[in-house]
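Notes for the one structure printed next.
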Amino acid sequence: MDYVIQFRIELLEVDPPVWRRIQVPEDYTLWDLHVAIQDSMGWLDCHLHAFRVVGSEVTFGIPDEDGDDPFDTKPDWEAKVQDVFSFRNRVGMYDYDFGDGWTHLVLFEGFKPREEGVRYPRCLAGARRCPPEDCGGPERYGELLIALQDVSHPEHESLLEWVGGAFDPEDFDANAVSFDDPKQRWDKAFA
């Protein structure tokens, strides 16, 4: 029987929580999981990322070719998800946009039987819209929400325009999540 791997992804330091429950094919690499996290959360994949497994010194992501990498990052496209996450290694962190500092808790929830006729990856559930790219990280995101909700805030109009005219932080529909092909994303990023 073929299996998929289920994860709960939660954006840390954001209240109320922004989270997703996703399933990915068992043969996925960490690069493929990165693409699935980006797509399910609603990020635009325009910044660096890294995976860290709790209790391990290993960091996976895109190694720095100049040798300036203090974490000795291993290529995430060479690491299989099922070799990194398991019932023994259930908890990891996924960092995105090192400048803004978005950290996601990645919780391995187990292997599930693949359902016939279902396309994977897929998003099963979640809550709340992902913050806008480049809004400054968790603290600045909180300030952004305050300014957007308060029409008398001095930055209300300019920030409303910056987010495209409207931003509902509660808006999320798991059925509306669309996943890109990780190989196409790879070609776009590295071609």
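Observations on the structure shown:
- In the stretch 18-31 there is no residue matching the filter, namely being part of a loop (DSSP other than H, G, I, E, B) and of a type in the set (A, V, I, L, M, F, W, C).
- Of the criteria (1) assigned to a helix (DSSP H, G or I); (2) closer than 14 Å to Ile37 by Cβ, which one Glu139 fails: (2)
- Condition met for Arg119 (under 17 Å from Val4 (Cα atoms), among the charged types (D, E, K, R) and out of contact with any strand residue (DSSP E or B) (no Cβ under 6 Å at 6 or more places or on another chain)): yes
- Against the criterion of being under 19 Å from Pro17 (Cβ atoms) and outside any helix (DSSP H, G or I), Asp180 does not qualify.
- Filter pass, Val53 being under 28 Å from Asp2 (Cβ atoms) and among the β-branched types (Val, Ile, Thr): yes
- Test: residue in the stretch 63-75 that is in contact with a helix residue (DSSP H, G or I) (Cβ under 8 Å, 6 or more places away or on another chain) and either among the acidic types (Asp, Glu) or under 21 Å from Phe179 (Cα atoms) (or both): no
- Breaking point among (1) surrounded by fewer than 17 Cβ atoms within 10 Å (Cβ to Cβ); (2) at pLDDT 95 or above; (3) of a type outside the set (Lys, Arg); (4) not in a strand (DSSP E or B), for Cys130: (1)
- Evaluating Asp97 against the criteria (1) more than 21 Å from Leu11 (Cα to Cα); (2) touching an Asp or Glu at 6+ places or on another chain (Cβ under 8 Å) leaves one unmet condition, (1).
- Close pairs (9 angstrom Cβ cut-off, 6 or more residues apart or separate chains): part of a loop (DSSP other than H, G, I, E, B) in the stretch 43-61, β-branched (Val, Ile, Thr) anywhere: Trp43/Ile37; Asp45/Val35; Leu48/Ile62; Val54/Val91; Gly55/Val91; Ser56/Val84; Val58/Thr73; Val58/Val84
- Considering the stretch 177-191, and only residues there that are at pLDDT 90 or above and among the hydrophobic types (A, V, I, L, M, F, W, C), the residue that is farthest from Cys123 (Cα to Cα) turns out to be Trp186.
- Complete set of residues in the stretch 156-171 that are more than 23 Å from Ser40 (Cα to Cα), of a type outside the set (Ser, Thr, Tyr) and either modelled with pLDDT of 95 or more or out of contact with any Phe, Trp or Tyr (no Cβ under 9 Å at 6 or more places or on another chain) (or both): His156, Glu157, Glu161
The values are calculated or read from the model by the stated rules, or taken from the named source; none is laboratory data. Owing to the predicted nature of the structure, the values given are computational and were not obtained by experimental measurement. Quick reminder, even Gly has a Cβ in these numbers, built from the backbone with ideal geometry, and neighbours come from all protein chains shown.
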